[in-house]
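Peer 1: So that we are looking at the same thing, I have put the structure below in structure tokens.
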Amino acid sequence: MHAATARISVGTASWTDPTLVKSGRFYPKGCSSAEARLRYYASQFPLVEVNSSYYALPSVENSKVWAQRTPADFTFNVKAFRLFTGHQTAVDALPPPVRDRLPPAVAARKILHYKDVPGDLLDLLWEFFIEALEPLRQAGKLGLVHFQFAPWLTYSPASRAHVAECVQRVPGHTLSVEFRHRTWFDDVHREYTLRFEREHGLVHTVVDAPQGFANSVAAHWDVTHPGLALVRLHGRNAATWNSRSAAASDRFNYDYSDSELAVLAESIKGLAGRVARVHVIFNNNYEDQGQRNASTLVRYSEPNERAY
């Protein structure tokens, strides 16, 4: 049975994390091919977040096979390419048709930001990204296009203009936004940020993450889109939240307790009463923590089950 209630869909960020595969605790014995793993994952959950698209632009070919290997009611949320969200990006991460046309002085930098890329090449990058989403969209399996903006993107006119540009670049899609600097939701700017999200048709992301850092935002259980709300659970491992040496799976190494999940489930059910559908993504992707926690959350999220 799919891990979903009538209004709540639960899944994880990625189904191919190396520590998940190596743990041997989620995939059955003999489930070793890319196709077998996705088919098995999709038999357990109705939703997944594609996070490989953050590191490199997704391909049309991959989107086609993902659509073919999953049930008709399966949903992919796709994370936006890191260059689009203000993160530093290696030149090598750009597709060859773009990389080969960079001016020599730009290519020599090795690490680029959005503003460094000539306008015509930015147009091409966005075109590639939208093309890669199309097979999922045509199959009715594309959910949210998720923009997790860089932590140095503070609340400012320039930052809001960039977010607005992202919306304009991906017309006809539903975008969710996750801000990683506390200025977006401090006492001065919170209502302005929520209004901005509503005005641009953006899905607000409720974030569960370690607190006390400039790049951590408290969970604000708000709705800015009539159709969807998004909850992303990063774990609460403060010791590794800003680690520069740890792999992504190590940074989010956190196993939610049943009591923590029960409390989260109540808040998620409350959110589901205010919007058509809630997507819940576990990003604590160390070994099988996300999958186990997701399954537990589903039990607590059932309409008739009381969670203690």
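Peer 1: Being crowded, with 17+ Cβ neighbours inside 10 Å and not β-branched (Val, Ile, Thr) narrows it down to one of 276, 239, 272, so name that one.
Peer 2: Working: 276 fails: crowded, with 17+ Cβ neighbours inside 10 Å; 239 fails: crowded, with 17+ Cβ neighbours inside 10 Å.
Being crowded, with 17+ Cβ neighbours inside 10 Å and not β-branched (Val, Ile, Thr) holds for just one of 276, 239, 272, which is 272.
Peer 1: Tell me, please, whether a residue that is within 20 Å of residue 136 (Cα to Cα), in a loop (DSSP other than H, G, I, E, B) and out of contact with any Pro (no Cβ under 9 Å at 6 or more places or on another chain) can be found in the range 71-89.
Peer 2: yes
Peer 1: Also, I was wondering about something else. Output the residues belonging to the range 64-77 that are free of Cβ contacts under 8 Å to residues at least 60 places away in the same chain and buried (at least 16 other Cβ atoms within 10 Å of the Cβ).
Peer 2: Once the filter is applied, which keeps residues that are free of Cβ contacts under 8 Å to residues at least 60 places away in the same chain and buried (at least 16 other Cβ atoms within 10 Å of the Cβ), the range 64-77 yields only 69.
Peer 1: Output the qualifying pairs, or none if there are none: Cβ atoms under 9 angstrom, residues six or more apart or on different chains, first residue in the range 173-185 and under 26 Å from residue 134 (Cα atoms), second residue modelled with pLDDT of 95 or more and among the basic types (Lys, Arg).
Peer 2: Going by the 9 Å Cβ cut-off, the qualifying pairs are 173/137; 176/232; 178/232.
Peer 1: If you check every pair at least six apart or on different chains, which have Cβ atoms under 8 Å apart with a residue in the range 26-37 that is on the phi < 0 side of the Ramachandran plot first and a residue that is among the β-branched types (Val, Ile, Thr) second?
Peer 2: 27/21; 34/16; 35/65; 37/16; 37/21
Peer 1: Return the pair list, or none, for Cβ contacts closer than 6 Å from residues in the range 47-63 that are closer than 17 Å to residue 12 by Cβ to residues that are assigned to a helix (DSSP H, G or I) and not hydrophobic (A, V, I, L, M, F, W, C), at least 6 apart or on different chains.
Peer 2: As it stands, the answer is 54/82, since those pairs meet every condition given.
Peer 1: In the range 26-63, which residue that is surrounded by 15 or more Cβ atoms within 10 Å (Cβ to Cβ), of a type in the set (Ser, Thr, Tyr) and in a loop (DSSP other than H, G, I, E, B) is nearest to the chain's Cα centre (by Cα)?
Peer 2: By that ranking, first place goes to 59.
The values are calculated or read from the model by the stated rules, or taken from the named source; none is laboratory data. Since we're looking at a predicted model, the values are computed, not measured. Note: ideal-geometry Cβ built from the backbone for every residue, glycine included; neighbour counts use all protein chains shown.
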